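Just below is one structure, and these are the notes that go with it.
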Ligand SMILES: [Fe+2]
Ligand SMILES: [Fe+2]
């Protein structure tokens, strides 16, 4: 199957003067670990389990993430992206718990999910992990396989990313930054094979006139998170973007809202937006639960990008919008 070369101009959001609207949700950490067995925890997952028991099970509330979805349903969204960390320690039971939340959001065609480090806490079999979200994770040129892939999750992720999903005027380009990081670390790394494929993908002629939005779980800006949580090979990503930059980079992982520019050379930079967790109970800035709505339109062959931040107010039980920010 080939990638669509032109977006469908009859589709909502695809007309020159009409905005395409998409929502970003990140780090829901929706699942609970009540069903975890001692055998499940006989590895690095034990640390994650303790963290859930002590803190995370109170910090992340599924109810808040469900309020976000209910509000988004009223807001005419053309596409949804979830930028990783949907689970705590990547157990199969967690993947199944999260699948029902994904179904609430939208169909796989309208919802793009990328992996976070918590979803690959230790390497697992694909059929016992990401297989449960597979339709949301495939690129446009990847047909849904008839049978479950009997491979380990890390190799499968490194094979299937980067990929592209073209929706309206936007090319969503997804990367996987997850690997089975050592104990006490939540670092990210993009494999060399992915970096090489990204350089080729960005040059595809069918993407030339589209607005390219790169999705990655780990922050791409230096010093945004502590060393034990950072993207190890950020420089390689910058180098891959020098010839063909993208219009926007979105990430999660830090659990705090973030807006910056990534300098790719002396003259050019790319806007970077990081979303906070969409399920956090925290009312402290910048850690409040959040979702973002981006608007993209083209005028005089120029892309105009902006976003609006919706932050959770515990007293009102609602996500409240900020004013629109241009990118
Ligand atoms: Fe997270
Ligand atoms: Fe993360």
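Any read-out appearing in this document is the output of simple, stated calculations on the displayed coordinates, not a laboratory observation. The structure displayed is predicted, hence computed values, not measured ones. Cβ sites come from the backbone with ideal geometry, for glycine too, and all protein chains shown count toward neighbours.
Brief remarks on what is shown
- Extended-chain gain in nm, criterion 0.36 nm per residue less alpha-carbon gap, residue 40 and residue 209: 56.1 nm
- Residue 303 versus residue 57: modelled label distance in nm, points set 7 Å from Cα along the beta carbon direction: 4.3 nm
- Model label sites at residue 183 and residue 244, defined 7 Å from Cα along the beta-carbon direction, differ in position by 4.3 nm.
- Counting only DSSP beta bridges with both residues in segment 20-326, the antiparallel share comes to about 65 percent.
- Cα shape, segment 180-323, gyration tensor, a/c 1.5 rule: oblate
- Reported to the nearest whole Å, the Cα centre-to-centre distance from segment 134-167 to segment 44-99 is 21.
- Euclidean distance of C-alpha centroids, segment 228-249 and segment 259-290, integer Å: 15 Å
- Exposure proxy for 247, 230: other Cβ atoms within 10 Å of each Cβ, ordered fewest to most, give 247, 230.
- Only helices enter the 222 nm calculation for the chain: every DSSP H run of n ≥ 4 contributes -39,500 (n - 2.57), and dividing by all residues gives -5500 deg cm²/dmol, rounded to 500.
- Relative contact order of the chain, taken over Cα pairs closer than 8 Å and 6 or more residues apart, is 20 percent.
- If R0 equals 25 Å, the separation of the Cβ atoms of residue 146 and residue 99 corresponds to a calculated FRET efficiency of about 0.80.
- Beta bridge orientation in segment 122-231: antiparallel %, DSSP, nearest 5: 50 percent
- Highest to lowest packing among 264-272, 249-257, 91-99, scored as the average C-beta count within 10 Å: 249-257, 91-99, 264-272
- Cα gyration tensor shape of segment 20-326, rounded if a/c is under 1.5, else prolate or oblate by comparing a/b with b/c: rounded
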